[in-house]
Each structure stands twice: as structure tokens, then as C-alpha cells.
Amino acid sequence: MSKPKVAFYWCASCGGCEEAVVDLAEDILKVVEAVEIVLWPVALDFKRKDVEAMADGEIAVSFINGAVRTEEQLEMVELLRRKSQMVVAFGSCAHIGGIPGLANFSNRKGVFERVYHTSESTSNPSGVVPKTRVTVPEGELTLPEFFDTVNTLDQVIDVDYYLPGCAPPADLIMDAVTAILEGNLPPKGTVLASKKSLCDECDRNDSKPEKLQISELKRVHLTEVDPEKCFLAQGIICLGMVTRGGCGQRCVNANMPCRGCFGPTDEVKDFGLKAMSSIASIFNIEGEKDMSEEETQKLIDSIVDPAGLFYMYNLPSSILRRRKMED
Amino acid sequence: MGNKITIDPITRLEGHGKIEIFLDDDGNVANAYLQIPELRGFEKFSEGRRAEEMPRITPKICGVCPTTHHMCSAKALDDLYGVEPPPAAKKIRELIYSAFMFEDHTLHFYFLGGPDFVVGPMAPAADRNILGVIQKVGLEAASEVIAIRRKTRDIITKLGGRVIHPVCGLPGGVSKGVTPEDREEFIQTAREAVEFAKFSMQLFNDIVLGNKEYVDVIVGDIYKHSTYYMGLVDENNKTNFYDGMVRVVDPEGNEFAKFKGQDYLDHIDEHVEEWSYIKFPYLKNVGWKGFVDGMDSGVYRVAPLARLNAADGMATPLAQAEYERMYEILGGKPAHNTLAFHWARLVEQMYAAERLLELAEDEEILCDHIRNIPTGTPTEGIGVIEAPRGTLYHHYKTDEKGVIQKANLIVATVNNSPAICMSVKKAAQGLIKNGEVNDGLLNMVEMAFRAYDPCMACATHSLPGETPLIVTIKDNKGDVVKVLQQNG
């Protein structure tokens, strides 16, 4: 029997998802023995034309990481979708937009303006910017178009499953691969991680008071942090209440709060909204009913950059999706 | 009308990239362009963010060297808040950093650039990968590579929470300390790392230096550029990865500039071209003269050989001995031989291992005073660090609440972007004559940039060839070789 064909591809990402696969170490043996890798541009010398030559649906599963923000990436994922029976969005960027998705607070013009014109170290008196088609003395050179908006994978193609995390941890990768190889899969659209929130799995959960109440918000870099105690109970914003579990509490292990790279649990429709309402619900300030508007505003202002914090990993997949731009 | 040869995508390079080589009517190289087709705009979308989140945002520039961005960002925050980390915190940061430099250099030598030498530059493409390396060095040695990389990466996981995108850096220190049990383990790993570095050096001696053909390639003219060099040095002008002054030497090896990271804007400017998303930095006080080398061109180089050229030596004994030997064989300082970057990388691998051991053995890392909480009002902060691929600058301006107003980054590989273009062109001109192009020649063109271990605009890193390697070594030798041959 022939082995199932597997493809790996990366879009606007950092390479961390590729490292995550490499960090499987000896476990990857099981994977490579069971499958035939037909595309992995970072590791093996296969070209796009090899994929084009395949029959539709010939690839059993494509793992695609990174968000989609250039023409080249879009064409490639559309091609892989046609050739694959199953597509797995691998890692935060493909799943929910990831950190590069923060670029949806700006657009192509804004990025170009900053990078090629106003950057303190750039000397560009004639206002040159990269172009998709350039004539040089010897011929023509092309670059892929850079889009205004960062897209999650399921905003451009149909996605079957999601492997969350920045980057996904080894055990979840192996669980997913095993489930695929054994044909033991949950319904389409499932996020292949815990159903619980990170809070529910957290070692510090026991330190969380029965009724969590805080009266002020502190910033982690300006606060002594108790390494045993729930961050929220210390007044430090931790997004573990809203975030899907399964990460192994990696950041909490380093005594730092969660920033939501696993995206929301199944019950949560919009990560940022839910996070904000959760924080609001644990505020309990003496005499809050009598607070003036000014005092309320001051309290709200104490949450610096709420959009960037609550949507840090998930802006492109949120109901906001992007900032509205003039042009 | 001339012809165009495209190498796309570049394999065994960490990131997206393509080379376009134009031939003239006689089939000789008219010009070569290295294009980077990707951009993500971190400088823009960092605006408005909380400064303290920057050490968690900027590592996403690169999943292979996230530790570099994390540490550089933490240093920029120290400067932003005017807060000095306690001695233990500084040592913990440098310990993590030494582990990182070691594992990253190991990755490059064995998986990316090394195969060119170890297997041979003109070997068939199918052999010029880690598999070919295994055949040459033996499986046992190759499994050592995997083991030591995993152990050194475990140090980062333990202290940084995660090895891909660590989170422990804060202005004024680190979020987590070292336990005595951890320390014992770190010492053991560091000792193994030193032994491994000796092994790597011996391998380079036997396979590369022992082969006249390879040595001729290294010192040959097609892989040579006479440029300025930049690197961080300590108070004795010895190479330092984590901290120090930026030192620049001219193509003759004389000190041209020595400055604090905070003054980088007085020394560096970036040039923009229409045909690539990457920018091209140059020494402001020499000026941009195009893609040319020499004393009058502001083009400078960074990363291993550049760092060693810019320094007077290494701060640890074994690395110092290797440093001296390298320059003796290359015929003195500075060495302009691009392929000697591989050699310098091994000298640095030795230094990283020795420094890791020094820090692990230092009892002060057990001290629980690992943070100074900032009290100052933030305005502007600049961090500088030596990434595996060169000098890295993070520059933030904030409002009084510590919200980023402006962020400027000069990412390690970007410093080398003009020189990489020049090296590719020169190699292509030297190797491709009268339209004769074969795979081995194209590989020798690719070697011109692989020496830099480039990670283009830190755009999208990748790990060519590494995964199959792990498979092969561990268990089923024959079978796995077959899988790879099948795929490669």
C-alpha cells in the first residue's frame, strides 16, 4: 500500500512552526515512516511545478502555517487546497492571524511609509519603494504583491482542522498526526487541542480565590510577581480565562502571563470581547456604583492598548478583523 | 537579448529568497540580483503596543533566532526605563544567550552551510545535504549533533518557558531564576558543549583544511570581498555576543569607529531599491556608493568572520587559540574570504560553549535577586546584541505610559544584504562563462551567500534538511536514507 502523501507549506510566518516540527526529534521518525512528504520547500527540493503536476486530491493532508498576505502565498494555498483531501491550519498565524496579524492595525501604505520612508535609519531622498515589476538594465525583475490585509488561512481557503499555538507544542502535533493516520478524526472544523480553558488547566488555579476580585490593574514589568499565585489575583492581566488550553502552560512556567496564542475556547465567539468582559466582571471597587464618569474613564485608561493586548494574536480572525483605513 | 537564470527558491537558506542571474549575449554574467520577496512590517504594527510586550512580539520576526530578538528587546527596555538588571539576571540572560548561540551555530554548520564543505562543493545536489554529512562523519557523530542541540535548547526552555519564542525577559531583569538542580544540569550540558565544539573543530581540520582543493576554494578570489567589518566587543576588544561596544574596522583592519549601540544612527543608514523588500545598510560616514567593496564604499559586513575581524581576540582560552590559528592560516587580519565565515562560526561555537560553562559554574546565577523594578519614566530605548547572523538593533520611542510610538529595527542579516548581493554576483561572474551552467556551478554560486547563514529580513526562516537527519540517525539507518533519497 502506498503511503499517504503529506505537504508542508509556510506563508507569512517566522519559521517557528518549522522548528516545532524539527523539535519533535525522534518522534518524527514515526511520521516519516508512515507518510511520503511531497512538498516541504524549506527542507526538500520540491518546486511548485511538482505540485501542479499532481492530480486533484492526490495529497492526503497539507499542513500550512503562516498568515496570508502576499499574492504568491494566496496562489500557493489555493493550489494546495485543490490538490489536498485535507488542510490543517498549523500554528497561530494560520489559525487566528498571529502576531503578524497586528499589521491589520495598518495597511500596505502604512507599512511601506514606515519601513521605506520614515524609519530613523533609512536614507531615501528620492522616495523609492519596492515594486512588483521593475526594469533593470539587464532585464525585468518581479516581486509578489503585498496585500493591505493579513488573512487567516480559513479566510482564503476551506480549512478542515486547526492546530493552535505559537508554535504548536510537540505533543499536540503528534496527537494530530496520529489521529490523521488512524483516520480517527473529530468533526471538520475542530481545533485539535484541549476543550478546556488554560485557566482550568493551570497549576496556579488552586491559588485563585473562590470569587476573583481585583481593584486595580498592574503591568507585569512594574510589579513583583508571586511565582505561585494566579496572575489575575495579583491584578496582572492574564488571558488564560479565554484561551484554549493544551499549551502546557509554557509562559506561566516562566512566570509570565498568557497572551492567548492558542486562540479562544469553543464557547467564545470573539476573543477580545470575551477577555474584556471577563476582566470587567472581576473588578470590584469600593463605592464603584457612585463613581463619577471621570473616575470611570481613569479606570478604563489604566488598561493601556486594549486592542493590541486583547487581540494580540487574533486580530484578523476577530469581529474587528482590521482597522478601517481611509484608503 | 541576454538570458535569465533563476534560482528560486533558494534551498538551504533560512527564509524566502531568489537569485536572478542575467547573462549577456556571450553567455557571461552581466549582473546578479538577490531578491527578498517578503515583508511583514514589524516596525509599523509595533506602534501603539505596550513596551513590555515587545520582547514577546519581536521574536516572531524569526522562529529560528527568537532568543536574539527577545534579548535585544529586553535590553532596549532596560535602556528605555533606565534600569540596570541585577548581576544574577544579567548572567542568566547571557547564559541563555550562550546556549542559543551555540545551538544556532551548530545548526548552521551541520545542516545548512557545512554540507558544502564536508561533502564537497561540486558533489551532486542529492548528496550536498545533511545525509551526505552523515555518510562522511558517521552516524554516531551525527546523533551527537542532535543530542547536544536538544540539550542546549532545553536550557532555553527551562529558563525562557519556551525555546521557540522565550518570554522571560523584562526591563531590569528576568522573570525566572535558576534552581540548584537546573544549574547542575546546565554545567553538565555546557561541558558536553565544549567537547562537542572541539569535535567540530577537529572535523573541520580533517575534512576541510586537510583538503587542498577546499582550502583553495576558501582563499580563492571569487569568494573574496574587501569590506568594512562590524561586531560587538568587550572592554578588552574581545568578541562579545551579549553586550559591549560596537566596533567597526576598515578593509585594512584599522579601527574605523567604536560606539555605543545607542549611537547607531550616527553610523548607519539604509538604502532602498525597487527590486527587493529588503533594505541595504551602509556606513553613513563613508556613504552609499552602490554594490561595490573597498575603502571608499560604505558596505560593511557582520556575523562570525566580521565579528572576529572587528575584535582583537576571544575572551576564552580554547576559542582564542582557534582564533589565532585561523588567522595564521588565512594570512592575517582582516580576512576577506567569505567562505571563512564557516570557520569563524566554529571559533564562535567554541567561545559560546566555554562562556556557557563559565556562566553555569558561576554560583551567582542562583541568587534570587533577578529583577529591578523600573521606576523611571520611559521615553526612548535602544538595544544592541550580536545575533548569530550579525549585529541587531532594536530602537523604541514611547509616550510616558510606555506605549510604543516608533520602533526601528536593523535585523542582523539585513546588515549583510549589500555584501550578499555582491558575493553572489562575483561568484556568478567567476564561475559561469560562455553560457555554461551546471548544477555544481549553481551550487557554488549559492555557496557565496550560504556562508553568511542568511536569514533574509529575518522574513521567514526555515530549517532545510534537518528533520530527515533526525530520523536517520536515531533508528533505522538504511530505511531512512531511502526515504530521503526518495524525497530529495
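Once the other residues with Cβ under 13 Å from the Cβ of A:Glu58 are scored (Lys, Arg +1; Asp, Glu -1), what is the net sum?
Values: positive: A:Lys3, A:Lys5, A:Arg81, A:Arg82, A:Lys83; negative: A:Glu36, A:Asp50, A:Glu52, A:Asp56.
It works out to a net charge of +1.
Residues with beta-carbon under 10 Å from that of B:Leu318, excluding B:Leu318: net charge, scoring Lys, Arg +1 and Asp, Glu -1? List each step's numbers first, then the result.
Details: positive: B:Lys198; negative: B:Glu322, B:Glu354.
Taking every Cβ under 10 Å from that of B:Leu318, the sum is -1.
For chain A, can you list the cysteines whose C-beta has no other cysteine C-beta under 4.7 Å from it?
Cys with no partner Cβ under 4.7 Å: A:Cys11, A:Cys14, A:Cys17, A:Cys93, A:Cys199, A:Cys202, A:Cys230, A:Cys238, A:Cys247, A:Cys251, A:Cys258.
Efficiency by 1/(1 + (r/R0)^6): what FRET value for A:Gln155 and A:Lys109, r their Cβ-Cβ distance, R0 = 22 Å, to the nearest 0.05? Kindly include the intermediate steps, with their values, before the conclusion.
Details: r = 21 Å, r/R0 = 0.96.
With a Förster radius of 22 Å, E is 0.55.
I'm a student and want to see the number: the projected area of the Cα convex hull of segment A:164-209, averaged over all directions, in nm². Walk me through the intermediate numbers first.
Values: hull surface 17.2 nm².
Projected over every direction and averaged, the Cα hull of segment A:164-209 covers 4.3 nm².
Please give the FRET efficiency for A:Asn205 paired with B:Arg191, using the beta carbon to beta carbon distance and R0 = 41 Å, rounded to the nearest 0.05.
For R0 = 41 Å, the calculated efficiency reads 0.60.
Sort the following peptides by mean Cβ neighbour count (other Cβ atoms within 10 Å, averaged over residues), highest first: A:154-164, B:250-260. Please list the in-between numbers first.
Details: A:154-164: 20.2, B:250-260: 15.3.
Ranked by mean Cβ neighbours within 10 Å, highest first: A:154-164, B:250-260.
Taking every Cα atom in chain B, find the radius of gyration and the maximum pairwise distance Dmax, and write them in Å.
Considering chain B through its Cα atoms, Rg and Dmax are 21.7, 70 Å.
When chain A is modelled as a GNM with alpha-carbon springs shorter than 10 Å, which of A:Asn205, A:Asn124, A:Asn107 fluctuates the most?
Result for chain A, Cα springs under 10 Å: A:Asn124 fluctuates most.
Of the listed pairs B:Lys224/B:Lys433; B:Lys151/B:Lys198; A:Lys324/B:Lys44; A:Lys274/B:Lys176; B:Lys75/B:Lys284, which have alpha-carbon separations greater than 21 Å here?
Numbers: B:Lys224/B:Lys433 19 Å; B:Lys151/B:Lys198 17 Å; A:Lys324/B:Lys44 16 Å; A:Lys274/B:Lys176 30 Å; B:Lys75/B:Lys284 24 Å.
Pairs exceeding the cut-off: A:Lys274/B:Lys176; B:Lys75/B:Lys284.
What does the helix-only formula give at 222 nm for chain B: each DSSP H stretch with n ≥ 4 adding -39500 (n - 2.57), the total divided by the residues, and the result rounded to the nearest 500 deg cm²/dmol?
Values: 17 runs with 206 residues, N = 488.
Result for chain B, helices only: -13000 deg cm²/dmol.
Give the Rg (one decimal place) followed by the Dmax (whole number) of segment A:198-317, computed from C-alpha coordinates and expressed in Å.
14.3, 43
Mind checking which aspartates and glutamates have their C-alpha under 16 Å from B:Lys90, skipping anything on the same chain fewer than 8 residues away?
B:Asp78, B:Asp79, B:Asp234, B:Asp243, B:Glu358, B:Glu361, B:Asp362, B:Glu363, B:Glu364, B:Asp368, B:Glu386
Residue by residue, what Karplus-based ³J(HN,Hα) values in Hz, rounded to whole numbers, does segment A:69-81 have, using 6.51, -1.76 and 1.60 with θ = phi - 60° and x for Gly and Pro?
So the J values, rounded to whole Hz, are 9, 10, 3, 4, 5, 4, 4, 5, 6, 5, 4, 5, 4.
For a distance above 30 Å, tell me the whole-number percent of Cα pairs in chain A that qualify.
On the way: 23500 of 53301 pairs.
So the pairs more than 30 Å apart make up 44 percent of the total in chain A.
Near the amide H of A:Phe283, under 5 Å away, which other amide H atoms are found, from residues 5 or more places off or on another chain, if H is placed in the peptide plane?
A:Ile214
Where the centroid of each part is defined by its Cα atoms, how far is segment B:31-79 from segment B:272-300 in Å?
Taking the Cα centre of segment B:272-300 as reference, the centre of segment B:31-79 is 22 Å away.
For the protein assembly as shown, what is the convex hull volume of the alpha-carbon atoms per residue, in Å³? It would help to have the intermediate numbers written out before the result.
Numbers: hull volume 125.5 nm³, N = 815.
Hull volume normalised by residue count: 154 Å³.
HN-Hα J couplings of segment A:166-176 from phi, Karplus 6.51/-1.76/1.60, θ = phi - 60°, integer Hz, Gly and Pro as x?
10, 8, x, x, 4, 5, 5, 4, 5, 4, 5
Please give the length that would be gained between B:Asp221 and B:Glu252 if that part of the chain were fully extended, namely 0.36 nm times their separation in residues minus their C-alpha to C-alpha distance (nm, one decimal).
Numbers: separation 31, 0.36 × 31 = 11.16 nm, distance 1.69 nm.
This chain segment gains 9.5 nm when fully extended.
What list of whole percents do you get for P(r) of segment A:105-147, with Cα-Cα distances grouped in 5 Å bins up to the one holding the largest distance?
Binned Cα distances yield the sequence 5, 19, 22, 22, 20, 9, 3, 0.
Enumerate the amide H contacts of B:Asn31 below 5 Å, restricted to partners 5 or more residues apart or on another chain; note that Pro and chain-start residues carry no placed amide H.
B:Phe22
Residue by residue through segment B:206-212, what is 3J(HN,Hα) from phi via Karplus (6.51 cos²θ - 1.76 cosθ + 1.60, θ = phi - 60°)? Round to whole Hz and write x for glycine and proline.
5, 8, 8, 5, x, 10, 4
Which residues in segment A:113-131 have a backbone N closer than 12 Å to a point placed 7 Å from the Cα of B:Glu274 along the Cα-to-Cβ line?
A:127-131
In whole percent, and with a 1.4 Å probe on the protein chains, what portion of the accessible area of segment A:198-317 is carbon and sulfur? Before the final figure, lay out each step's value.
Values: 2710 of 5670 Å².
In segment A:198-317, the share of accessible area belonging to carbon and sulfur is 48 percent.
For chain A, calculate the relative contact order in percent as a whole number, restricting contacts to Cα pairs under 8 Å that are 6 or more residues apart.
Details: 553 pairs, mean separation 59.0, N = 327.
It rounds to 18 percent for chain A.
In whole Å, how far is the Cα centre of segment B:305-378 from that of segment A:116-186?
Their Cα centres are 34 Å away from one another.
Which residues among segment B:75-109 fall inside the zone where the amide N is under 16 Å from a point 7 Å beyond the Cα of B:Cys367, along Cα→Cβ?
Residues B:84-95 qualify, since their backbone N sits under 16 Å from the label point.
How would segment B:225-311 be classified by its alpha-carbon gyration tensor: rounded, prolate or oblate, with rounded meaning a/c under 1.5 and the a/b versus b/c comparison settling the rest? Mind showing how you got there, number by number?
Working: a/c = 1.91, a/b = 1.55, b/c = 1.23.
Prolate.
Based on alpha-carbon centroids, what's the gap between segment B:164-234 and segment A:264-327 in Å, whole number please?
Rounded to whole Å, the Cα centres lie 45 Å apart.
Hey, can you grab everything whose amide H is under 5 Å from the amide H of B:Ile385? Only 5+ residues off in sequence or another chain; H modelled, so Pro and N-termini drop out.
B:Leu392
Would you please put A:308-318, A:180-190 in order of how densely packed they are, using the mean number of other Cβ atoms within 10 angstrom per residue and starting with the highest?
Numbers: A:308-318: 25.7, A:180-190: 11.6.
Those peptides, ordered most packed to least, come out A:308-318, A:180-190.
Given axes a ≥ b ≥ c from the Cα gyration tensor, I'd like to know whether segment B:274-407 is rounded (a/c under 1.5), prolate (a/b larger than b/c) or oblate. Numbers along the way, then the final one.
Details: a/c = 2.95, a/b = 1.12, b/c = 2.62.
Here segment B:274-407 falls in the oblate category.
May I ask you to list the lysines whose Cα is less than 17 Å away from that of A:Lys298, ignoring any residue fewer than eight positions away on the same chain?
Result set, ordered by chain and number: A:Lys218, A:Lys289, B:Lys401.
Please compute P(r) over all alpha-carbon pairs of segment B:168-273, binned at 5 Å starting from zero, and give each bin as a whole-number percent.
Pairs per bin, as whole percents: 2, 8, 9, 11, 13, 16, 15, 12, 9, 4, 0.
The values are calculated or read from the model by the stated rules, or taken from the named source; none is laboratory data. As the structure is a prediction and not an experimental result, all values here were calculated from the model. Neighbour counts are summed over all protein chains in view; Cβ atoms, including those assigned to glycine, are modelled from backbone coordinates with ideal geometry. Heads up: the accessible areas ignore ligands, DNA and RNA and are worked out on the full protein's heavy atoms, side chains in. Shrake-Rupley method; radii C 1.70, N 1.55, O 1.52, S 1.80 Å.
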